[in-house]
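The values are calculated or read from the model by the stated rules, or taken from the named source; none is laboratory data. Remember, predicted model here, so these are calculated numbers, not experimental data. Counting neighbours? That spans all protein chains shown, and the Cβs are built from the backbone with ideal geometry, glycine included. For accessibility, only protein heavy atoms count, side chains too; no ligands or nucleic acids. Shrake-Rupley method; radii C 1.70, N 1.55, O 1.52, S 1.80 Å.
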Amino acid sequence: MSAMIMNYYQKFNHDEVKVDFLVNKRMDDGFKEIIRENGDNIFIFKNRNKHPLSYMKYLKLIAQKNNYDIVYVHGNSATMAAEEFSLRNVDTKIIVHAHGETTDHPLLNRVLHPYFKKHYTAAFAASEAAGNFLFNNKSFKVIRNGIDGKSFAFNEASRKLLRKKLNLEDSNVVLQVGAFTKQKNHIFTIAMIKKLVENKPNTKLLLAGDGPLKKEIEILVSNLKLNNNVIFLGEVSNLLELYSASDYLIFPSSWEPFGIVALEGQMSGLPVFVSNVFSKSVAVTENITYIPLIVNEWVDVISNSKLRGHLPTQNLLLSLQNTGYDIQDNANYLIRLFREIIKEKNEG
């Protein structure tokens, strides 16, 4: 969600579009720097879930003080009713944006949905499935999770530098990017890597990200004596270098609304392997393979896969554009929608 928001934000004309951010708990330092360079504001609230009433009061005060034309709310469920309720007496238009096809709060989603569906100005969704899940029979517009394909082009110098730094020169490098949560299915990853290592001892797994289950996975790796084959990178800002340094990109997610990193990997020319729960819309090139969540199948497919450099990489950018995921095209479309909503507000 954060990556999608920042991808769009960086393509806006910041002389014409001003965007302030109200963020729950924390924000990536790199994102903070980009936002502040553009002269926009960041408001970080401690915890929306633990302190919903004070959060809603805070949002209302900020919206009133800054007289926003639009408050743009991102989420996966009808809990976005909290923002709607906060802004009920504020002169602003409310856009709600559905990102997922499931929610961690199914009960709250059902309870709040009758209020939620009556109190937004416009509904956006990352995909048809996400929109159908949250908005039911009400209309919505699809705003794709676009990327700048040129930014993820393979770089040989970056590959050599990072592989030398991490002592990976003679390794087959598998990369997984994502928070250590149940959804990202790292337990499956470790079981699969254990078998890959048995077949190819020079296999190395890079895990980029942080999260509540990280310690559990570290213990599992240690117990399986895989410490020499698994590298925990933590949260990283050098994803472009990681894509270039790696040989395979994997996503064995238990569920996944989209998976923007899978797009980025394809644009880097990586062979990308995803679980068969992924949306088929993420396949913008021939270099992506969907696999059932069966360890032996993953081991067989990856073991027999072509390495990067042996995959078709012609017309990657054209494929991105033709499938509707070019970020500049999408950002221009989003701005047009903003202008229509603001025009209605001013005329009203």
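Observations
- Whichever residue in region 172-198 is of a type in the set (A, V, I, L, M) and under 11 Å from Leu213 (Cα atoms) and, among such residues, is most open to solvent (accessible area, probe 1.4 Å): Ile187
- Taking region 286-301 as the range and being part of a loop (DSSP other than H, G, I, E, B), surrounded by fewer than 21 Cβ atoms within 10 Å (Cβ to Cβ) and of a type outside the set (D, E, K, R) as the test, the residues that pass are Pro292, Leu293, Ile294.
- Boolean, Lys215 is closer than 27 Å to Lys25 by Cα, at pLDDT 95 or above and open to solvent by 60 Å² or more (accessible area, probe 1.4 Å): yes
- Any hit, region 252-273, residues being out of contact with any Gly (no Cβ under 6 Å at 6 or more places or on another chain), aromatic (Phe, Trp, Tyr) and crowded, with 20+ Cβ neighbours inside 10 Å: yes
- Search result, residues across region 243-264 that are part of a helix (DSSP H, G or I), under 12 Å from Val177 (Cα atoms) and at pLDDT below 95: Ile260, Val261, Ala262, Glu264
- Conditions (1) without any contact (Cβ under 8 Å) to a residue 12 or more places away in the chain; (2) part of a helix (DSSP H, G or I); number of the one not met by Lys345: (1)
- Taking (1) over 23 Å from the mean Cα position of the chain (by Cα); (2) more than 29 Å from Thr102 (Cβ to Cβ); (3) in contact (Cβ under 8 Å) with a residue 12 or more places away in the chain; (4) not in a loop (DSSP other than H, G, I, E, B) in turn, Asp170 satisfies each apart from (4).
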